[in-house]
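Below: the structure, in structure tokens.
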Amino acid sequence: MAEIADPVPDLVALRRDIHAHPELGFSEHRTARVIAAELARLGLEVHEGIGKTGVVGVLKGRRKGTRTLGLRADMDALPIHEQTNLPWASTTPGTFHGCGHDGHVAMLLGAARVLAADPDFAGTLNFIFQPAEEGQGGARVMIEEGLFERFACDRVYALHNWPGLPAGTISTRPGPIMGAADKFRITLTGKGGHAAIPHDTPDAILAAASLVQQINTIVARDVPPSANAVLSVTQIHGGHAHNVIPAEVVVSGTVRTFDPAVQDRIEDRMRAMLKGIEASFEVQCALDYDRYYPATINDPAAAADALAVAATVAHAELASEPAPTSEDFSFMLQRRPGAYIWLGQGAADHAAPLHNPHYDFNDAVMETGIRLHVALARHWLV
């Protein structure tokens with residue numbers, strides 16, 4: 001595919017322009033305009049405003065066919081202050097492409113360039129540029145606004161950069177590849193009172209301390225050893241003075257799982273433990289448990305095809321285990337068969353991790369990502 005090489009420098013410049021002008025979820029107005037303009041320049045049918053700021057470009061093959069394919073790139077940034085000091089660093093304080101979505105956009109636009117120049121395939125290809133992946137469920141919103149009814153996809157793929165994986169290596173697996181993301185917020189309410197008279201005041205601080213210890217036993221004692229799960233308490237808020245027992249303490253955290261049955265078990269055990277805390281410490285416990293992203297589950301056939309196709313363009317390997325981080329492409333995979341694919345950014349000692357203020361997408365792997373998108377399209381649309 002020598003035809004890919006020439007556009008890459010131009011796409012690097014486009015990627016760095018997007019990086020310098022990051023936008024948070026559902027506010028990607030400038031990014032969407034850049035994408036829509038490029039797709040229109042290529043002659044694609046362009047649809048804007050799907051999922052608020054999402055964009056879909058439709059390309060029909062020159063050969064007759066009924067198959068359809070969706071290729072998805074996320075396009076939102078993170079609320080992080082960038083610390084790379086790069087020439088193309090964010091010009092918006094506190095907003096930063098710290099997850100490489102700028103690179104995802106550039107690679108998918110690169111694939112659109114190649115395929116629009118030579119649409120030698122059968123069927124219809126949908127380039128899906130999705131807003132608000134970072135915790136706001138942009139994929140779900142696009143689906144609710146008729147994504148798959150308006151743009152049929154027999155299969156759908158998404159490519160995500162992956163620091164720690166050797167640069168240019170492509171990896172995926174059948175079944176679970178990313179975890180379900182739950183967040184919990186537990187409010188413990190006592191009465192509040194003088195710290196010198198604790199016998200007159202239900203102690204929400206003491207109850208919270210016991211609760212944190214107890215819920216950290218759930219994975220160790222209530223989840224089968226063969227299952228993967230993570231429970232982390234990440235926040236405790238309560239009190240304002242050294243001599244006051246507060247009336248309220250809030251304990252928050254996250255749960256990551258790959259199996260809905262394990263997910264149910266953890267929530268059930270947490271609720272049971274709260275009843276024990278209420279009885280033991282004479283406080284009231286209110287649990288807000290939000291299952292905001294389901295596990296990302298690859299279709300086995302789609303994942304196998306992805307690995308076979310990837311091996312024709314780069315080094316490809318089967319991922320040995322799923323990652324506990326989450327991804328809202330999971331909503332798309334609940335509706336359509338497909339696979340989520342990782343593209344290596346470099347070994348851990350050479351590449352900053354995702355969501356780190358020193359992270360930057362590795363432009364050296366852009367061509368590999370473009371080649372993979374193109375190969376997936378040509379493989380499926382026959």
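Among the candidates 164, 135, 192, which residue alone is modelled with pLDDT under 95, over 30 Å from residue 313 (Cα atoms), surrounded by fewer than 19 Cβ atoms within 10 Å (Cβ to Cβ) and in contact with a Gly (Cβ under 9 Å, 6 or more places away or on another chain)?
Working: 164 fails: over 30 Å from residue 313 (Cα atoms); 192 fails: in contact with a Gly (Cβ under 9 Å, 6 or more places away or on another chain).
Of 164, 135, 192, the one residue that is modelled with pLDDT under 95, over 30 Å from residue 313 (Cα atoms), surrounded by fewer than 19 Cβ atoms within 10 Å (Cβ to Cβ) and in contact with a Gly (Cβ under 9 Å, 6 or more places away or on another chain) is 135.
Quick test of your reading of the structure: residue 227 fulfils all but one of (1) closer than 22 Å to residue 327 by Cα; (2) touching a helix residue (DSSP H, G or I) at 6+ places or on another chain (Cβ under 8 Å); (3) at pLDDT 95 or above. Name the failing condition by number.
Evaluating residue 227 over (1) closer than 22 Å to residue 327 by Cα; (2) touching a helix residue (DSSP H, G or I) at 6+ places or on another chain (Cβ under 8 Å); (3) at pLDDT 95 or above leaves (3) as the failure.
Test residue 316 against the criterion of being crowded, with 21+ Cβ neighbours inside 10 Å, of a type outside the set (Lys, Arg) and at pLDDT 95 or above, and give yes or no.
Taking the combined requirement at face value, the residue does not satisfy it.
Scan the strands (runs of 3 or more DSSP E) fully inside the stretch 134-228 and keep the ones with 2 or more residues being of a type in the set (D, E, K, R). Please lay out each step first, then the result.
Details: elements: 155-163, 170-172, 175-178, 180-189.
Output list reads 180-189.
In the stretch 255-284, what count of residues is obtained for those that are in a helix (DSSP H, G or I) and of a type in the set (Ser, Thr, Tyr)?
To start, the set of residues in the stretch 255-284 that are in a helix (DSSP H, G or I) comprises 260-281.
Now restrict to residues that are of a type in the set (Ser, Thr, Tyr): 280.
Final tally of qualifying residues: 1.
Scan the stretch 27-41 for residues that are farther than 17 Å from residue 97 by Cα and surrounded by 17 or more Cβ atoms within 10 Å (Cβ to Cβ) and report the count. Break it down stepwise before answering.
Quick first cut of the stretch 27-41, residues farther than 17 Å from residue 97 by Cα only: 33, 36-41.
Cutting the leftovers down to surrounded by 17 or more Cβ atoms within 10 Å (Cβ to Cβ) gives us 36, 38-39.
Count: 3.
Please determine, by comparing only the residues of the stretch 104-131 that are in contact with an Asp or Glu (Cβ under 9 Å, 6 or more places away or on another chain) and β-branched (Val, Ile, Thr), which one is farthest from residue 332 (Cα to Cα).
114
Looking only at the stretch 91-103, which residues are assigned to a helix (DSSP H, G or I) and either surrounded by fewer than 24 Cβ atoms within 10 Å (Cβ to Cβ) or out of contact with any Asp or Glu (no Cβ under 6 Å at 6 or more places or on another chain) (or both)?
102, 103
Condition check: under 22 Å from residue 149 (Cα atoms), in the same structural domain as residue 111 (by TED's automatic domain parsing) and in a helix (DSSP H, G or I). Does residue 13 satisfy that? Walk me through how you get there before you give the answer.
Details: under 22 Å from residue 149 (Cα atoms): no; in the same structural domain as residue 111 (by TED's automatic domain parsing): yes; in a helix (DSSP H, G or I): yes.
Criteria not met by residue 13.
Just give me the residues in the stretch 119-133 being under 17 Å from the mean Cα position of the chain (by Cα) and either assigned to a loop (DSSP other than H, G, I, E, B) or within 16 Å of residue 325 (Cβ to Cβ) (or both), in sequence order.
Taking the stretch 119-133 and keeping what is under 17 Å from the mean Cα position of the chain (by Cα), we get 128-133.
Across the stretch 119-133, the qualifying residues are 131, 132, 133.
Residues of the stretch 327-352 being at pLDDT 95 or above and either out of contact with any Asp or Glu (no Cβ under 9 Å at 6 or more places or on another chain) or not assigned by TED's automatic domain parsing to the domain that holds residue 123 (or both), which ones? Talk me through it step by step, then tell me what you get.
Our first condition is that a residue be at pLDDT 95 or above; within the stretch 327-352, this holds for 327-345.
Once the filter is applied, which keeps residues that are at pLDDT 95 or above and either out of contact with any Asp or Glu (no Cβ under 9 Å at 6 or more places or on another chain) or not assigned by TED's automatic domain parsing to the domain that holds residue 123 (or both), the stretch 327-352 yields 330, 331, 332, 334, 335, 341, 342, 343, 344, 345.
The values are calculated or read from the model by the stated rules, or taken from the named source; none is laboratory data. Keep in mind that this is a model prediction, so the values were computed, not measured. In this analysis, Cβ positions are derived from the backbone assuming ideal geometry, glycine residues included, and neighbour counts consider all displayed protein chains.
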